[in-house]
Every structure is written in structure tokens, then in C-alpha cells.
Amino acid sequence: MNDPLASVQTQPTSALESFEARAWAAVSPTAPLAPLVVRRRSPRPTDVVLDVLYCGVCHSDVHQVRDEWHQTLPTTYPCVPGHEIVGRVVQAGRDVRRFREGDLAAVGCLVDSCRTCASCRDGLEQFCEGPATFTYNSNDPHLGGVTYGGYSERIVVDEAFALRLSNALDPAGAAPLLCAGITTYSPLRHWNVRAGQKVGVVGLGGLGHMGVKFASALGARVVVLTTSAGKAEDAIRLGATDVCVTTRATEMEKHAGSFDFLLNTVSAPLDLAQYLALLKRDGTMTLVGAPESPQPIVAMHLIGGRRRLTGSLIGGIAETQEMLDFCAENGITADVEVIAMPSVNEAYERMLRGNVKYRFVIDMASLR
Ligand code: NAP
Ligand code: ZN
Ligand code: ZN
């Protein structure tokens, strides 16, 4: 591995004390991820310091590192991605109540919020008007510059934004729960997906495979809608009862007007009309996939059948804890391929080719 200490300088630090942590970062939209030393704040009384054990690789990391969301969420470089973090508490501030040194802890997409606005009071910190401080590429209120994510040996977080993780779950398989898990669990719960319903999960990737596990655990009959016929066997193993290959018109026609709920996890623009046509009257399609380019909507596709098209963003801290507890009770983790840090650039390319079953997770021991 390259010497991280030889890498480029990061942001200047404020007067607040800080320490160095090894990380991997991109320095431009076209640069591969490479070693970089970043600064983390010295823990305050309510902070925990985590040794990162595992960090999942989310498709959002690729969008953000490559500045694909330039118009809505531009990237500040260097960018250290990673928001599916499982770690071990190595230091706890004097006022920390919920964690002790040696505990497992997890961090997802959020590391702080204003805690006073209407969304924060409702436990929906992801919609904080403050705005929320996301785990990476958000303004860092402590050190200045931007926050740095979990592709790093250590992270410092206020205990209010750290999640408790059962020792019963495999920590590598649990890491993707912190984004792929909560992003699929939250809309399924919000739209009250339940036994007796027919639910479609569009796209069988990191989010999609968690969507299948959750929707079937909630009792729904799940159909996977995929462009990859080769994923059919996995879809059934993950909990689906049926698979629809979306490039085959006859298979799509078979499901017309039949779904109560569709969870669309696709990372690229789609012809949404094709999917709206699959909903029943009063059915709902929720978009969680976040391609940057527009996807046109024809009003008639919503008007006919009074269908709903909605979106959903990760989940709040309380719901993330609820989801982790649900996973511990039901033995749910992600299906992961564990990689060493230097393989991350190749992992991005494989994810873009749909060649991942179903989430890459970086073993951060490879960074130490
Ligand atoms: P992923 O593992 O790459 O999965 C995406 C899946 O979409 C692929 O496996 C593929 O499934 C399908 N797909 C990809 N390109 C396609 C195309 N051109 N046409 C049709 N289907 C295509 O990605 P992920 O990590 O699950 O993330 C998915 C999306 O959700 C990303 O845009 C990500 O940024 C976004 N996201 C949103 C939130 C949120 O809070 N809303 C949170 C996390 C991630 P098949 O092979 O089965 O077709
Ligand atoms: Zn994510
Ligand atoms: Zn707020």
C-alpha cells in the first residue's frame, strides 16, 4: 500500500485540538481513491472515538466521489466517503452515557443535526432544517472544511448519533444496514407495507437486496424487478416469491396494475411510466435510487389510478436504531463481499457493472 503520510494536505484545522487518522480519499472527480491523512477532532465530553472495523461501499459513495450530483449536492475535495460504519469504541468522553470503551457502535449517514427544528423534534434528523451534518461532504462545524467518512481508521462522533449494535450480528454484514438497511426499511415502514400486500423491489443491488429481506420479513409477497436475469435464483433465496425481468415486455405485462407498493432502488434514470403502470389503484412507488438526470413524468400515469410517486431519504436516528434491533431479532444482515482498502477502486467498477453480491464491505484492518 502507498504511504498515507506522503499524501496531500487536508483542510487547515481550527484552534480545536485534533489528531491524525489514515483514510482513503478522492482529490478530484476523476481521481481514483488513494491514501490521505485527515484530522479528526479530539473527543468532547459527549463524543465517542471509534476504531472503524468495517465500512460498506454504497453507490452514493460513487455518485459523490465522482461529483455526479454536482447540481444538487456538489462535492468538496478531498472527499473521504463511507457512511456504513461499524466500529469499536476506543475512547468515550466523560459525559457519554450509552457507550463504554470496548463496545461495538455504528455510524450511518448522519453525524449531527440542529436538534431543535421541527424535523429533529420529530426524530427525522435527515430532514433537519439546520441542516443536518452528514457523515461526509457536509460542513464540519468543529474543524471547518467538510466532514470525512468511514473509509478511515478512526471516526469521532457525538454519542447521540452513534447506534448500538448487537454482538449477535456479524459486524461486516451489519455495516450496510447503516445506509442500505435504513434506506429501505424506512419507506417500507412509512408506507405500512404488511402481510397480504404485493410489493415490488426494483433493482437488486445493495439497497434492493435489503429491501427484499425487509419486505418479506414484514410479511409481504415480494417480486424482484431486475434487468439481470442471472439474479433470479438469488432473488428467491433472499425472500422473493417471483422475479420479473424488466427488459422482457411479456413479463412486465403480467404484473400490470397489480402492486400495492414499489420500492425503486435503481441508480440510473428509468422510464418511470413503465413502473407506474404496474401499480394498483392508490398504489405507491417510492424512489430511493438517486440518479442525477431527470426522469420525465406524464401526469396521466398518476391521474389514472390515483397513483402516488414519492421519495425517501435514509432514516432518522431512532428509526435506524429500531431497524438495527429488528435485524438483531430477525437475524438479518446484508450479503457482503469483504475487501481490503486497496481494492476499493476495482469494487466501484464492479458495482457499476452490477457485479456485486450484494454489497462490498471494506475490512478496515487493511488500513492499519
Ligand atoms: P447498486 O448496488 O449499484 O444497485 C443498483 C441496482 O440498480 C443495480 O444492481 C441494478 O439492479 C439496477 N440498475 C443499475 N443500473 C441500471 C439501469 N441503467 N437500468 C436499470 N437498472 C439498473 O446501488 P445501491 O448502493 O443499492 O444504490 C442505489 C441507488 O440508491 C443509488 O443511486 C444511491 O445513490 C441511492 N441511495 C439513496 C439513498 C436515499 O436515502 N434515498 C440512500 C442510499 C443510496 P439489477 O441488476 O437488478 O437490474
Ligand atoms: Zn449510502
Ligand atoms: Zn434540525
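The numbered conditions (1) within 14 Å of ligand 2 (Cβ to nearest atom); (2) surrounded by fewer than 17 Cβ atoms within 10 Å (Cβ to Cβ); (3) farther than 16 Å from Asn139 by Cα are all true for Gln71 except (1). Scanning the range 202-228 for residues that are surrounded by fewer than 23 Cβ atoms within 10 Å (Cβ to Cβ) and within 9 Å of ligand 1 (Cβ to nearest atom) yields Thr227, Ser228. For the range 259-275, a tally of residues being under 23 Å from His70 (Cβ atoms) and in a loop (DSSP other than H, G, I, E, B) returns 6.
Of all residues in the range 173-183, none are buried (at least 22 other Cβ atoms within 10 Å of the Cβ), under 15 Å from the mean Cα position of the chain (by Cα) and farther than 21 Å from Val361 by Cα.
Consider Gly56 against the criteria (1) touching a Leu at 6+ places or on another chain (Cβ under 8 Å); (2) away from ligand 2 (no atom under 15 Å from the Cβ); (3) not basic (Lys, Arg): it satisfies all of them except one. Which criterion is unmet? Evaluating Gly56 over (1) touching a Leu at 6+ places or on another chain (Cβ under 8 Å); (2) away from ligand 2 (no atom under 15 Å from the Cβ); (3) not basic (Lys, Arg) leaves (2) as the failure.
Check Leu352 against each of (1) more than 10 Å from ligand 1 (Cβ to nearest atom); (2) touching a residue at least 24 places away in the same chain (Cβ under 8 Å) and name the one condition it does not meet. Looking at each condition in turn, Leu352 falls short on (1). Of the strands (runs of 3 or more DSSP E) lying entirely inside the range 1-112, those carrying at least 2 residues that are modelled with pLDDT of 95 or more and within 22 Å of Pro176 (Cα to Cα) are 18-25, 47-56, 85-92, 104-107, 110-112. Counting only strands (runs of 3 or more DSSP E) wholly contained in the range 193-258, the ones carrying 2 or more residues that are under 24 Å from Gly304 (Cα atoms) occupy 198-202, 221-226.
Specify which of the listed residues (Glu129, Glu101, Glu125) is open to solvent by less than 60 Å² (accessible area, probe 1.4 Å) and not small (Gly, Ala, Ser). Full working, then the answer.
On the way: Glu129 fails: open to solvent by less than 60 Å² (accessible area, probe 1.4 Å); Glu101 fails: open to solvent by less than 60 Å² (accessible area, probe 1.4 Å).
Exactly one of Glu129, Glu101, Glu125 is open to solvent by less than 60 Å² (accessible area, probe 1.4 Å) and not small (Gly, Ala, Ser), namely Glu125.
Per the conditions (1) open to solvent by 20 Å² or more (accessible area, probe 1.4 Å); (2) touching a Leu at 6+ places or on another chain (Cβ under 9 Å); (3) more than 16 Å from ligand 2 (Cβ to nearest atom); (4) within 23 Å of Leu169 (Cβ to Cβ), the sole criterion not satisfied by Ala118 is (4). Residues in the range 113-123 that are farther than 15 Å from Leu313 by Cβ and in a helix (DSSP H, G or I): Ala118, Arg121.
Ser166 passes every criterion in (1) small (Gly, Ala, Ser); (2) in a strand (DSSP E or B); (3) out of contact with any strand residue (DSSP E or B) (no Cβ under 7 Å at 6 or more places or on another chain) apart from (2).
The values are calculated or read from the model by the stated rules, or taken from the named source; none is laboratory data. Note that the structure is predicted; figures quoted are calculated from it, not measured. Positions of Cβ are backbone-derived with ideal geometry, glycine not excepted, and every protein chain shown enters the neighbour counts. Surface accessibility is based on the protein's heavy atoms, side chains included, excluding ligands, DNA and RNA. Shrake-Rupley method; radii C 1.70, N 1.55, O 1.52, S 1.80 Å.
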